[in-house]
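One structure coming up, written as structure tokens, with questions to follow.
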Amino acid sequence: MSNEDRKLVAPGTLVLAIIFLITFVAVYFLNLKYLSSIWEIR
Amino acid sequence: MAEQNFRTCSITGLKVHLPVERLIKANTLTALIFIAVGGAAALLAALTRWPAVHLLGPEWFYRILTAHGFDMLIVWIIFFEIAALYLGSAVLLGVRLAAPAVGWIAYILMLGGAVLVNIMVLAGKADVLFTSYPPLMAHPLFYLGVILFAVGALIGTILFFATLYMARKEKTYTHESFPLVTFGLFAAASISVTTLIHGAGIYIPTLLWSLGIIKNMDPSAYRLVWWGLGHSSQQLNVTAMISIWYLVGALSVGMKPINEKFCRTAFVLYILFINVASEHHLLVDPVFGSAHKIWNTGYIMHLAVLASMIHAIAVPAGIEVALRKKGYTKGLFEWFKMAPWGNPAFSATMFSIFIFGFLAGITGVTFGNAQINITAHNTWRITGHFHATVVGGTTLAFMGVTYYLLPLIFRRQVWAMPLAKIQPWIYGIGVAILSSSMMLAGAYGIPRRHWDIANFGGSPFAFAWDPTVYMWLGVFGIAALMAVLGGIIYVVVAFGTVFFGKKV
Amino acid sequence: MSIYPPDKIWWKPIDREEKIWLILSVIWLMFTFFLMPVLHVYGKQNPPELSYSVTAARYEDLANKFIQKYQVKDEQGNPVALNGVPVVHPEPGGDAYIIARAWSWEPVLELEKGKTYRIHLSSLDFQHGFSLYPLNMNIVAIPGQDYIMRIKPTSSGEFSILCNEYCGIGHHTMVGKLIVKE
């Protein structure tokens, strides 16, 4: 256990939360890419 | 004060007011009846949208879909929430319910309203779907039924506030602040007041319009106010769900909030910011300007999302801390592996957290982006999203806490425990796949609320979909069967417990 | 536990973990928020923002005039229709009209790829959902509102319009067509 981990009360949860955030970012960018494939509209 | 009107729970040590116990039971049992009705409607609707089966004809499909929406999103969930409010106030604070007779008035209004709405829908007098968008018009008694239900719910909510006030005045709990669960339910109840005011604000004029007293009902104005009811009620469901997460966390693993300030601030953010954040339903509507739409779905909504992000880490972290205290400290995830997965309340809650986080929350914020919404509005992506939120999230959490309500309030041991143990797995996995398949089909453009995507009722302009769509629709059908099975087990185990469970 | 009242003093500083998460969340949410006004200015796809009040009668009148003026004619000079619906070729850069009504989309627009059009959208009766397949573009058609979509088709071919806002028993029969020529 590194120095940093000892200061965290719930390291497992932080890892899961970061995985969640990465998924969030990925889904968002995939959708932005999908958006760019439709016709121009304003 | 009638001290003999209380009993002390041998498991939690809490003082339970007997009249409130009766009200919690009534509201919970009624919720169960309506999830069964809504679930039957779900099965029929799903078997119709599954092209391989296409069970109902168009008339009954749209009708059953209307009933399904109302019975699930409003009746099942709100009856259960009222039970939760009575629990969170009277039971957690060890105080008597302010006025049980008023609670029964609320109950009768809600039940009467729900029955009236269902009768009108099933009689074919309200083929307008859950949103009842004008110029579509239903029979006046449909709108009256909704109003009665809303008034009943509002009365129950006011009773909750009165009980909190009494607990404070009579100092029935230690220290200055409510337990976190009570605070969360207080946030939910606060949101429900503005929700129900929006509801009255839209259903009363619409009732008058259906009676011919008001001549015109502007469709855009209706949409704006209705979604003030519609979305706020979802945030209310989220807040209640999260409160239940903390409750089950406490009862199953002895979870303490990692930081009360963190969690309570998040609940306050919900109250402040969700009430106005309904315009993500109107992003591709005319009438509303871009600045308005973006401000509402962006600044306002994102502050509520921040609250969700806070709970997203606080709840699992609290569970992890509690399990680490029990000795599961090896590596990063021993606590996760050794958690009480055989406890159906716990497993339901964990499924709820994961489904709500990964499937519901992410897609909600994404589809709520003003521009991305162009590719999502009214497609099945939206339907998939909200099945992840209210079904995979809120409903599953409520199912989980039922496994505690049964021994603690109904005072009966859970009947058919092996069935109870697998129920959250069947339902959770079923709903997760259901929601995902709907969103994947919807990404191709599959519309919501549509009876015949395969043939378009024989229209000469009928077109052929990308065949991948049919694969997702097949997955949807099977997942729907799984979810319905999970729902049936839940209702059967719950009623079985009430009638046959061993007394605690 | 969460079901019991907290300690008397619960306003305590948050741990390192909560701080990290809060910072990450705020950064991400700031990004997703600012993205919207940025896309509004620089993005190529935005929800249309021009709309005007209009009566159903007036809209139908404007749309019919448009159809009469721009309906495609074949070699004999006969007006072309597809399944009874007029095929109309609007002027590039100009206005085009789509009528949504229970339960049809009229007319069949024939557009040119790479050209921008002001396509008007309204309903003569109920709320309808304009959904263009297979692109998956979705806009709401409200009776009494003339919603102007400034659209530039960037792909050619035959496209379908379906309705995704429930509008009565014939809702699922409401399908139309849109053609884009090179």
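May I ask you to verify whether B:LEU485 is modelled with pLDDT of 95 or more, within 14 Å of chain C (Cβ to nearest Cβ) and under 30 Å from B:HIS54 (Cβ atoms)?
Here the answer is no, as B:LEU485 does not meet what is asked.
Let me ask something else. Could you tell me which residue of the stretch B:195-224 is farthest from the other protein chains (Cβ to nearest Cβ), considering only residues that are more than 20 Å from C:ASP125 (Cα to Cα), β-branched (Val, Ile, Thr) and surrounded by fewer than 19 Cβ atoms within 10 Å (Cβ to Cβ)?
B:ILE197
Results for (1) buried (at least 19 other Cβ atoms within 10 Å of the Cβ); (2) polar (S, T, N, Q); (3) more than 21 Å from B:TYR404 (Cα to Cα), shown as yes or no for each residue.
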position	(1), (2), (3)
B:GLY13	no, no, no
B:VAL20	yes, no, no
B:GLY38	yes, no, yes
B:THR48	yes, yes, yes
B:TRP60	no, no, yes
B:ARG63	yes, no, yes
B:MET72	yes, no, yes
B:ALA99	no, no, yes
B:VAL102	no, no, yes
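Could you identify the single residue in C:ILE139, C:ILE161, C:ILE151 that is more than 9 Å from chain B (Cβ to nearest Cβ) and under 29 Å from B:GLU279 (Cα atoms)?
Of the residues listed, the single one that is more than 9 Å from chain B (Cβ to nearest Cβ) and under 29 Å from B:GLU279 (Cα atoms) is C:ILE151.
Identify, from the list C:VAL54, C:VAL38, the residue that is closer than 29 Å to C:LEU121 by Cβ, in contact with a Ser or Thr (Cβ under 7 Å, 6 or more places away or on another chain) and aliphatic (A, V, I, L, M).
From the options C:VAL54, C:VAL38, the qualifying one is C:VAL54.
I've got another one for you. If the requirement is being over 23 Å from B:MET309 (Cβ atoms), among the small types (Gly, Ala, Ser) and at pLDDT 95 or above, which of these qualifies: B:GLY342, B:GLY331, B:GLY357?
Result of the check over B:GLY342, B:GLY331, B:GLY357: B:GLY342.
Residues of the stretch B:253-276 being farther than 19 Å from B:GLU81 by Cβ and crowded, with 24+ Cβ neighbours inside 10 Å, which ones?
Answer for the stretch B:253-276, where residues must be farther than 19 Å from B:GLU81 by Cβ and crowded, with 24+ Cβ neighbours inside 10 Å: B:MET255, B:PRO257, B:ILE258, B:CYS263.
Next up: Can you list the helices (runs of 4 or more DSSP H) lying wholly within the stretch B:296-395 that have 2 or more residues being touching an Asp or Glu at 6+ places or on another chain (Cβ under 9 Å) and more than 9 Å from chain A (Cβ to nearest Cβ)?
Of the helices (runs of 4 or more DSSP H) lying wholly inside the stretch B:296-395, those with at least 2 residues that are touching an Asp or Glu at 6+ places or on another chain (Cβ under 9 Å) and more than 9 Å from chain A (Cβ to nearest Cβ) span B:301-325.
Any residue at all in the stretch B:282-289 that's in a helix (DSSP H, G or I) and either acidic (Asp, Glu) or within 7 Å of another protein chain (Cβ to nearest Cβ) (or both)?
no
Go through the residues of the stretch B:79-88 one by one and say whether even a single one is surrounded by fewer than 22 Cβ atoms within 10 Å (Cβ to Cβ) and at pLDDT 95 or above.
No; the residues of the stretch B:79-88 include none that is surrounded by fewer than 22 Cβ atoms within 10 Å (Cβ to Cβ) and at pLDDT 95 or above.
Do we have C:SER25 as in contact with a Cys (Cβ under 9 Å, 6 or more places away or on another chain) and either free of Cβ contacts under 8 Å to residues at least 40 places away in the same chain or in a helix (DSSP H, G or I) (or both) here?
Answer is no for this residue.
Now for a different question. Any residue at all in the stretch C:50-61 that's within 8 Å of chain B (Cβ to nearest Cβ) and either buried (at least 18 other Cβ atoms within 10 Å of the Cβ) or not polar (S, T, N, Q) (or both)?
For the stretch C:50-61, residues within 8 Å of chain B (Cβ to nearest Cβ) and either buried (at least 18 other Cβ atoms within 10 Å of the Cβ) or not polar (S, T, N, Q) (or both): present.
Turning to a different aspect of this structure: Go through (1) over 13 Å from the mean Cα position of the chain (by Cα); (2) facing chain B (nearest Cβ under 7 Å); (3) surrounded by fewer than 21 Cβ atoms within 10 Å (Cβ to Cβ) and name the single condition C:PRO92 misses.
(2)
Identify the residue in the stretch C:165-182 that is part of a strand (DSSP E or B) and more than 7 Å from chain B (Cβ to nearest Cβ) and, among all such residues, is farthest from the chain's Cα centre (by Cα).
The selected residue is C:LYS181.
Based on this model, can you work out whether B:GLY249 counts as away from every other protein chain (no Cβ under 14 Å) and either at pLDDT 95 or above or over 12 Å from the mean Cα position of the chain (by Cα) (or both)?
So B:GLY249 does not fit the description; no.
Turning to a different aspect of this structure: Out of all the residues in the stretch C:134-149, which are under 18 Å from A:GLU40 (Cβ atoms) and in a strand (DSSP E or B)?
Once the filter is applied, which keeps residues that are under 18 Å from A:GLU40 (Cβ atoms) and in a strand (DSSP E or B), the stretch C:134-149 yields C:MET137, C:ASN138, C:ILE139, C:TYR147, C:ILE148, C:MET149.
Within the stretch B:21-31, is even one residue out of contact with any Gly (no Cβ under 9 Å at 6 or more places or on another chain), of a type in the set (A, V, I, L, M, F, W, C) and not in a helix (DSSP H, G or I)?
No; the residues of the stretch B:21-31 include none that is out of contact with any Gly (no Cβ under 9 Å at 6 or more places or on another chain), of a type in the set (A, V, I, L, M, F, W, C) and not in a helix (DSSP H, G or I).
If you don't mind, there's one more thing I want to ask. Would you be able to tell me the number of residues in the stretch B:85-117 that are under 19 Å from B:SER192 (Cα atoms) and not hydrophobic (A, V, I, L, M, F, W, C)?
Qualifying residue count, the stretch B:85-117: 6.
Return the residues of the stretch B:56-106 that are in contact with a strand residue (DSSP E or B) (Cβ under 7 Å, 6 or more places away or on another chain) and part of a helix (DSSP H, G or I); say none if nothing qualifies.
B:ALA90, B:VAL91
Quick grid of which residues meet (1) in contact (Cβ under 8 Å) with a residue 12 or more places away in the chain; (2) over 21 Å from the mean Cα position of the chain (by Cα):
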{"residue": "B:HIS311", "(1), (2)": "yes, no"}
{"residue": "B:LYS330", "(1), (2)": "no, yes"}
{"residue": "B:LYS337", "(1), (2)": "no, yes"}
{"residue": "B:TRP341", "(1), (2)": "no, yes"}
{"residue": "B:PHE351", "(1), (2)": "yes, no"}
{"residue": "B:THR363", "(1), (2)": "yes, no"}
{"residue": "B:THR375", "(1), (2)": "yes, yes"}
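For residues that are polar (S, T, N, Q), over 10 Å from the mean Cα position of the chain (by Cα) and within 30 Å of B:ASN216 (Cβ to Cβ), tally how many sit in the stretch C:117-164.
5
Quick check on B:LYS261: is it away from every other protein chain (no Cβ under 12 Å) and among the basic types (Lys, Arg)?
no
Could you tell me which numbered condition C:GLY77 fails, if it satisfies all but one of (1) at negative phi; (2) more than 7 Å from chain B (Cβ to nearest Cβ); (3) part of a loop (DSSP other than H, G, I, E, B)?
Looking at each condition in turn, C:GLY77 falls short on (1).
Please tell me if B:MET166 is surrounded by fewer than 20 Cβ atoms within 10 Å (Cβ to Cβ), among the aliphatic types (A, V, I, L, M) and either within 14 Å of chain C (Cβ to nearest Cβ) or touching a Phe, Trp or Tyr at 6+ places or on another chain (Cβ under 7 Å) (or both).
So B:MET166 fails the test.
Does B:LYS171 fit the bill of being outside any helix (DSSP H, G or I), without any contact (Cβ under 8 Å) to a residue 40 or more places away in the chain and touching a helix residue (DSSP H, G or I) at 6+ places or on another chain (Cβ under 7 Å)?
no
Going through B:THR174, B:THR157, B:THR131 one at a time, which residue ends up being within 14 Å of another protein chain (Cβ to nearest Cβ), of a type in the set (S, T, N, Q) and within 30 Å of B:GLY112 (Cα to Cα)?
B:THR131
With B:TYR470, B:TYR490 as the choices, which residue is in a helix (DSSP H, G or I), out of contact with any helix residue (DSSP H, G or I) (no Cβ under 6 Å at 6 or more places or on another chain) and more than 14 Å from chain C (Cβ to nearest Cβ)?
Result: B:TYR470 is the single residue among B:TYR470, B:TYR490 that is in a helix (DSSP H, G or I), out of contact with any helix residue (DSSP H, G or I) (no Cβ under 6 Å at 6 or more places or on another chain) and more than 14 Å from chain C (Cβ to nearest Cβ).
The values are calculated or read from the model by the stated rules, or taken from the named source; none is laboratory data. What you see is a predicted model; the values in this text were computed from it and never measured. Quick reminder, even Gly has a Cβ in these numbers, built from the backbone with ideal geometry, and neighbours come from all protein chains shown.
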